[in-house]
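Participant: Pasting in a structure now, in structure tokens, and then I'll have a few things to ask.
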Amino acid sequence: MASELCKTISVARLEKHKNLFLNYRNLQHFPLELLKDEGLQYLERLYMKRNSLTTLPENLAQKLPNLVELYLHSNNIVVVPEAIGSLVKLQCLDLSDNALEIVCPEIGRLRALRHLRLANNQLQFLPPEVGDLKELQTLDISTNRLLTLPERLHLCLSLQYLTVDRNRLWCVPRHLCQLPSLNELSMAGNRLAFLPLGQLTVFLPAEVKAIGTEKDHILPLQELAMRTLHHTYHASLKDLDFLSPVSLPRSLLELLHCPLGHCHRCSEPMFTIVYPKLFPLRETPMAGLHQGRTTVSFVAYCCSTQCLQTFDLLS
Ligand SMILES: [Zn+2]
């Protein structure tokens with residue numbers, strides 16, 4: 001068996017193969033044959049699913065410098081090591097169904113990476129450097145133990161498919177709204193506590209500083225300032241960095257990038273204050289979907305007393 005493996009690899013080396021299939025080989029270590037001498041400089045795709053690997057070699061990038069796709073599905077790897085960061089051409093990395101507890105920050109150096117699959121592992125945390133993966137289109141981190149998403153995930157501007165099913169998330173970060181290409185977001189089987197329907201008590205995001213009523217005609221000064229700034233810089237909002245922290249505190253700059261939400265009546269952004277308007281669900285067109293649940297309400301969020309007074313579900 002071992003000699004058959006050596007033969008397969010040495011043929012791939014001599015004939016400069018771009019693909020190498022080492023699935024279902026019962027490998028417990030990365031084959032030395034792959035790493036000896038100058039390695040396999042022409043190899044682009046390595047398939048090693050369903051083996052028993054526990055680690056990855058430190059000199060992986062040195063010996064397989066042109067890897068574009070690496071499939072390690074169903075092994076026993078515990079740590080994604082620093083060495084992975086040197087595979088600069090890697091576009092596809094599949095480490096699903098392993099025993100991963102740690103993904104090193106160097107993952108952020110994989111600037112060509114498009115598809116990252118880490119489902120079915122033991123991850124409680126992902127490094128913020130995931131946000132450096134500007135080409136990333138697919139991220140599957142379902143069935144792990146994540147309490148939060150990577151804090152800079154909203155900077156993965158190419159992200160199209162985000163699958164986070166069966167983790168321990170308790171909220172959907174608002175920053176995800178900044179992902180312009182996101183097509184599919186799946187978060188089933190988590191511990192999400194804030195949902196607009198199905199709760200009598202209305203949970204507002206922690207960022208809401210004030211709740212307006214019909215009597216508050218005058219907006220707080222900070223809210224007025226934020227709305228004015230937003231109007232002024234709206235056209236160049238994607239390029240807001242020139243409004244440096246010198247001209248505006250970082251916390252306000254972030255808020256400006258990411259409003260609490262938009263008025264249900266007029267679509268204007270709101271930053272610190274919302275005017276909620278409650279509609280008992282039985283009075284709405286959605287009543288049929290929630291038969292018998294008369295205590296459920298629908299909440300509309302408005303930007304001012306004027307919008308609060310004029311908003312109507314049916315208009
Ligand atoms: Zn409004």
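The values are calculated or read from the model by the stated rules, or taken from the named source; none is laboratory data. Please read all numbers here as calculations on a predicted model, not as lab measurements. Heads up, the Cβs are rebuilt from the backbone with ideal geometry, glycines too, and the neighbour counts pull from every protein chain shown.
Participant: Out of the range 1-58, which residues are under 18 Å from H73 (Cβ atoms) and among the basic types (K, R)?
Facilitator: Answer for the range 1-58, where residues must be under 18 Å from H73 (Cβ atoms) and among the basic types (K, R): R25, R45, K49, R50.
Participant: Quickly run through the range 86-95 and pick out the residues that are among the hydrophobic types (A, V, I, L, M, F, W, C) and surrounded by 17 or more Cβ atoms within 10 Å (Cβ to Cβ).
Facilitator: L87, L90, C92, L93, L95
Yes/no matrix, rows are residues, columns are (1) among the acidic types (D, E); (2) assigned by TED's automatic domain parsing to the domain that holds C104; (3) in a helix (DSSP H, G or I); (4) surrounded by 19 or more Cβ atoms within 10 Å (Cβ to Cβ):
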residue: K7; (1), (2), (3), (4): no, no, yes, no
residue: N26; (1), (2), (3), (4): no, yes, no, no
residue: L34; (1), (2), (3), (4): no, yes, yes, yes
residue: G39; (1), (2), (3), (4): no, yes, no, yes
residue: R50; (1), (2), (3), (4): no, yes, no, no
residue: T54; (1), (2), (3), (4): no, yes, no, no
residue: A61; (1), (2), (3), (4): no, yes, yes, yes
residue: N75; (1), (2), (3), (4): no, yes, no, yes
residue: I84; (1), (2), (3), (4): no, yes, yes, yes
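Participant: Condition first: at pLDDT 75 or above, crowded, with 19+ Cβ neighbours inside 10 Å and within 12 Å of the ligand (Cβ to nearest atom). Can you find one or more residues in the range 238-256 that meet it?
Facilitator: So far as the range 238-256 goes, no, none of its residues is at pLDDT 75 or above, crowded, with 19+ Cβ neighbours inside 10 Å and within 12 Å of the ligand (Cβ to nearest atom).
Participant: Looking at the range 9-23 only, could you name the residues that are without any contact (Cβ under 8 Å) to a residue 12 or more places away in the chain and part of a loop (DSSP other than H, G, I, E, B)?
Facilitator: E15
Participant: Suppose we keep only residues that are modelled with pLDDT of 80 or more, in a strand (DSSP E or B) and crowded, with 19+ Cβ neighbours inside 10 Å within the range 274-309. Which one would you say is nearest to the ligand (Cβ to nearest atom)?
Facilitator: Going through the qualifying residues, I end up with C302.
Participant: Specify which of the listed residues (R191, R166, R152, R145) is surrounded by fewer than 15 Cβ atoms within 10 Å (Cβ to Cβ) and at pLDDT 90 or above.
Facilitator: R145
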